[in-house]
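Worksheet for the structure shown next.
Values quoted throughout were computed directly from the atomic coordinates according to the rules given, and no laboratory measurement underlies them. On a predicted model such as this, the values are computed, not experimentally measured, just so you know. Cβ: placed from backbone, ideal geometry, glycine included. Neighbour counts: every protein chain shown.
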Amino acid sequence: MLWRFRGMWYVWNMLKGMCSHILPPRCLCCGGSEPGSSGVCGPCAQGIRPIPTPLCSVCGSPSGTAGVCLGCLTEPPPFDRMTSAAVYDGLIKDILHAFKYHNATFYKAFLGKILFDELSKEEVACDVVSFVPLHWTRMISRGYNQAALIARELSRLLGLELRFDVLRKSRRTLSQVGLGRALRKKNITGAFCASGVADRAVLVVDDVVTTGQTAREVSMALKKAGATRVVFASVGRMLI
Ligand SMILES: [Zn+2]
Ligand SMILES: [Zn+2]
């Protein structure tokens, strides 16, 4: 029986190798030739805008001056560091929208790579990687958790363990999109619980940060469960 599976695996790899010669790799965004190592060509990559510097060394938002921003000084957030790879607009907004709502999961390696590149600029200093969970009802309707797919790619690149059992969404919430700041806070307060992270430094992955309220709630749950350090990393960040 085993030799049959081995034979099929061998044929599959041979076909894949042949296809890569016949069909050269294409840019994931425009379909053009010569994509870079991330799978996206040079002109498309230029449409992805990094967060304008200088950034707050805690919340990672553009603060105008280097160091810790006034918001983090007056009201220190529950996370130790928040960082994002790109401004949530233009091409990255389109990619993340397709990735999240239209099953375009083939972007996962690209999104994991740009987040890895961003995190590689500094010391990550985390023990495990986790992600913002979906409520089980949303998980069934969507079929996948977009943050978990990015976290899997990132954990592989960082060589860190990916933990699926750390965070849980304990109740359903409305989509944060379109809600005002006060409603967003009310919508998400107390929606997450965490366990199994005592004395661990956790890197939490999400696709987009808007007001940062989800990051705060998730980080509070992790700290309550004994996490020593929480780094929150997203691919996109809405500048508000
Ligand atoms: Zn392209
Ligand atoms: Zn700050």
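Dipole magnitude for region 47-237: computed about the Cα centre from +1 point charges on Lys and Arg Cβ and -1 point charges on Asp and Glu Cβ, it is near 760 debye. Listed by Cβ neighbour count within 10 Å, with the fewest neighbours leading, T211, T189 appear as T189, T211. The Cα-based radius of gyration and maximum Cα-Cα distance (Dmax) for the chain are 19.3, 66 Å.
Pairs of Cα atoms under 8 Å, at least six residues apart: use those to get the relative contact order of region 47-237, whole percent. Relative contact order here is 26 percent. Evaluating 6.51 cos²θ - 1.76 cosθ + 1.60 at θ = phi - 60° for every residue in region 70-79, the Karplus couplings come out as 4, x, 6, 6, 7, 9, x, x, x, 8 Hz, glycine and proline recorded as x. What the pair-distance distribution of region 77-142 shows, using all Cα-Cα distances binned every 5 Å from zero, is 3, 12, 18, 25, 19, 17, 6, 0 percent.
The relative contact order of region 15-118, computed from alpha carbon pairs under 8 Å that lie at least 6 residues apart in sequence, is 20 percent.
Evaluate 2.2 N^0.38 Å with N set to the residue count of region 138-235, then give the Cα radius of gyration divided by it.
On the way: Rg = 13.4 Å, N = 98, 2.2 N^0.38 = 12.6 Å.
Relative to the 2.2 N^0.38 Å estimate, region 138-235 comes out at 1.07.
The region of the chain that goes longest without hitting one of the GluC sites (Glu not before Pro) in a DSSP loop, each with at most 11 other Cβ atoms within 10 Å, is 1-121.
Hey, could you grab the Kirkwood Rh for region 29-142? Inverse mean 1/r over distinct alpha carbon pairs, Å, one decimal.
Working: mean 1/r = 0.0611 Å⁻¹.
Evaluated over region 29-142, this radius sits at 16.4 Å.
In this label model, K185 and V68 are separated by 2.0 nm, measuring between points 7 Å along each Cα→Cβ vector.
Here is the list for region 172-224: trypsin sites (Lys or Arg not before Pro) lying in DSSP coil, each with at most 13 other C-beta atoms within 10 angstrom of its C-beta, are R172.
Annotated for region 78-193: lysine pairs at least 8 residues apart or interchain, Cα distance under 27 Å, count 18.
Residues of region 215-240 falling in the label zone of S195, defined by backbone nitrogen less than 19 Å from a point 7 Å along Cα to beta-carbon, are 218-228.
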